[in-house]
């Protein structure tokens, strides 16, 4: 059972995350709050299944999640989401298509979710909401393009350093093979990268 104190703390955190994009008035924030649903995802549980319904976007307020895609029976880590941040298979969510990934909890996680229709009503209800929706979409698109460019133009060592810059404590919270999968290298290669960085060597 969520306490009133925790709920108010969550509301403040949700506002802070949304206001990364732009300042918001009370009316807009109330529209965000009134449509959100509280969800707990225990460690190891899947929130969204690859190929399954994809009608929810979440804002992770505590915990850690991983997005995974299975191709020809092989599991590939697509991204890690550390609280507080948005979590979704965004391309499928926006395109109203089944999810291309599974999203699962690596730690006991708490989030607030919104359906596609709820978000559209919220964004369409005011110029502030419309602009907010556009800014969030642009930010997510920028992250996706950045990840693609990273694989094209950066070494695995550079990608690992970028990951550490975003989430410095991730190696202590996630098995090495998952990070290796995200980087597109073997666990043995990741061990060599970590050893090289520990010696102060960079690409």
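Throughout, read-outs are computed from the coordinates displayed, never taken from laboratory work. Nothing here was measured: the structure is a model prediction, and the numbers come from that model. With ideal geometry, Cβ positions are generated from the backbone for all residues, glycine too; neighbour counts draw on all protein chains shown.
Computed values, structure above
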item	result
Degrees separating the helix 187-198 axis from the principal Cα axis of the chain, which is the longest one	90 degrees
FRET efficiency, residue 196 to residue 62 (Cβ-Cβ, R0 41 Å, nearest 0.05)	0.75
Identified option (computed mean projected area of the Cα convex hull in nm²; candidates (i) 13.3; (ii) 16.2; (iii) 12.6)	(iii)
Tilt relative to the chain, helix 26-35 - C-alpha long axis, 0 to 90 degrees, to 10	70 degrees
Fluctuation leader among 14, 193, 32 - the chain, Gaussian network, Cα springs under 10 angstrom	193
Inter-label distance for residue 26 and residue 40, nm, one decimal - labels placed 7 Å from Cα along Cα-to-Cβ	3.2 nm
Cα long-axis angle, helix 4-18 against the chain (0 to 90 degrees, to the nearest 10)	70 degrees
Distance (nanometres) between label positions extended 7 Å along Cα→Cβ at residue 97 and residue 75	2.4 nm
Sum of -39500 (n - 2.57) over DSSP H runs of 4+, divided by residues of the chain (222 nm, nearest 500)	-15500 deg cm²/dmol
Most mobile listed residue (109, 99, 155) in the chain, GNM with C-alpha springs under 10 Å	155
GNM flexibility winner over the chain from 131, 100, 173 (Cα, springs under 10 Å)	173
